[in-house]
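Encoded as structure tokens, the structure appears first; notes follow it.
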Amino acid sequence: MKQKVFLLVSVASIALISFAFVQGSDWKAPSSAKALTNKVKTSSKSVKAGKSIFESKCVVCHGEKAKGDGPGGKALNPKPANLTSEKVQTQTDGEIFWKITNGRGAMVKWESIISETDRWNLVNFIRSVRAEKPKTEAPSKPTSTEPSAQDKAILAAKEKEANYKKIITEAEQTALAKDFIGAKKKYTEALALQPDNVELSEKLKAIEPLALEQEKREVLKTEIKKELKEELKKELKEELLKELSKPE
């Protein structure tokens, strides 16, 4: 009984070993293999068929993810190939097909076991497990300090509101100081910023008569000053003539 169990284990071990696509560094396909053309167009159907073959005949040694880490390949030397590696993936379809077909050492010759079409399907599956290269991040673009159109509009609105409040404050302070002309000017500036402001329009209307009266007074003051200046000049002239007419 023990002899039978030992025999079964030995046979199973040999079978597992025979499935491995050997990692050996010096295993090179002949130059003629490079020229072989893949007779099965790569497609999801072909890859699926190749995966089915891989899972039934190769996964024990090559591992579920085809990285050569299957339980059946741990005792092998050389180790089963990592089918996702660049070392395998840089080979042509023809070279991979040739190795599957002819085998070597611990890897069985699959030519008489797997049909030619399915061997090409297996090649297409192996291509599908190519390890992804680390993505090199593109240099980040310098962050633009230029504000967007929306930000510019918001900023402009805030500046306009701040300017309006400043002008209104100045207008009210000027009116309290009874400088109605200056107040009228400030209210006019504020109304230009908010032309639909009814309250502001009313304030401007109320102050306009006061400003007009003040303007008239200013004009009158100017005229009086001018007249007084002329009279003063005349008086000074007469005094000077009197002094000059006195005998020495």
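What helices (runs of 4 or more DSSP H), lying completely within the stretch 1-59, carry at least 3 residues that are hydrophobic (A, V, I, L, M, F, W, C) and at pLDDT below 90?
Working: elements: 2-18, 31-34, 44-57.
Passing ranges, in order: 2-18.
Can we say residue 80 is farther than 20 Å from residue 33 by Cα and touching a His at 6+ places or on another chain (Cβ under 6 Å)?
Working: farther than 20 Å from residue 33 by Cα: yes; touching a His at 6+ places or on another chain (Cβ under 6 Å): yes.
The answer is yes for residue 80.
Just to be sure, is residue 185 modelled with pLDDT of 90 or more and assigned to a helix (DSSP H, G or I)? Lay out the reasoning, then the answer.
Values: modelled with pLDDT of 90 or more: yes; assigned to a helix (DSSP H, G or I): yes.
Yes, satisfied.
Okay, residues lined up against (1) farther than 30 Å from residue 166 by Cβ; (2) acidic (Asp, Glu):
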residue	(1), (2)
184	no, no
188	no, no
202	no, yes
206	no, no
217	no, no
228	yes, no
244	yes, no
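I want to confirm something. Restricting to the stretch 153-182 and keeping residues that are charged (D, E, K, R) and either part of a loop (DSSP other than H, G, I, E, B) or not assigned by TED's automatic domain parsing to the domain that holds residue 205 (or both), which single residue is surrounded by the most Cβ atoms within 10 Å (Cβ to Cβ)? Talk me through it step by step, then tell me what you get.
Pass one, the stretch 153-182, residues charged (D, E, K, R): 158-161, 165-166, 170, 172, 178-179.
Add one more test, that the residue is either part of a loop (DSSP other than H, G, I, E, B) or not assigned by TED's automatic domain parsing to the domain that holds residue 205 (or both), and what stays is 178-179.
Working: 178: 10, 179: 15.
For the stretch 153-182, the residue satisfying everything is 179.
All but one of (1) surrounded by 13 or more Cβ atoms within 10 Å (Cβ to Cβ); (2) touching a helix residue (DSSP H, G or I) at 6+ places or on another chain (Cβ under 6 Å) hold for residue 39; state the number of the condition that does not hold.
Evaluating residue 39 over (1) surrounded by 13 or more Cβ atoms within 10 Å (Cβ to Cβ); (2) touching a helix residue (DSSP H, G or I) at 6+ places or on another chain (Cβ under 6 Å) leaves (1) as the failure.
List the pairs whose first member sits in the stretch 51-71 and is assigned by TED's automatic domain parsing to the domain that holds residue 110, whose second member is acidic (Asp, Glu) and not in a loop (DSSP other than H, G, I, E, B), and whose Cβ atoms are under 8 Å apart, counting only residues at least 6 apart or on separate chains?
That search, which allows pairs on different chains as well, returns 53/118.
How about the stretch 88-112: which of its residues are of a type in the set (Lys, Arg) and modelled with pLDDT under 90? Lay out the reasoning, then the answer.
Keep residues of the stretch 88-112 that are of a type in the set (Lys, Arg), which gives 99, 104, 109.
Scanning the stretch 88-112 gives 104, 109.
What residue, of 202, 208, is surrounded by fewer than 14 Cβ atoms within 10 Å (Cβ to Cβ), assigned to a helix (DSSP H, G or I) and in the same structural domain as residue 161 (by TED's automatic domain parsing)? Lay out the reasoning, then the answer.
On the way: 208 fails: surrounded by fewer than 14 Cβ atoms within 10 Å (Cβ to Cβ).
Just one listed residue meets the conditions, 202.
The values are calculated or read from the model by the stated rules, or taken from the named source; none is laboratory data. Just so we're clear, the structure is a prediction, and the values are computed from it rather than from any experiment. Cβ: placed from backbone, ideal geometry, glycine included. Neighbour counts: every protein chain shown.
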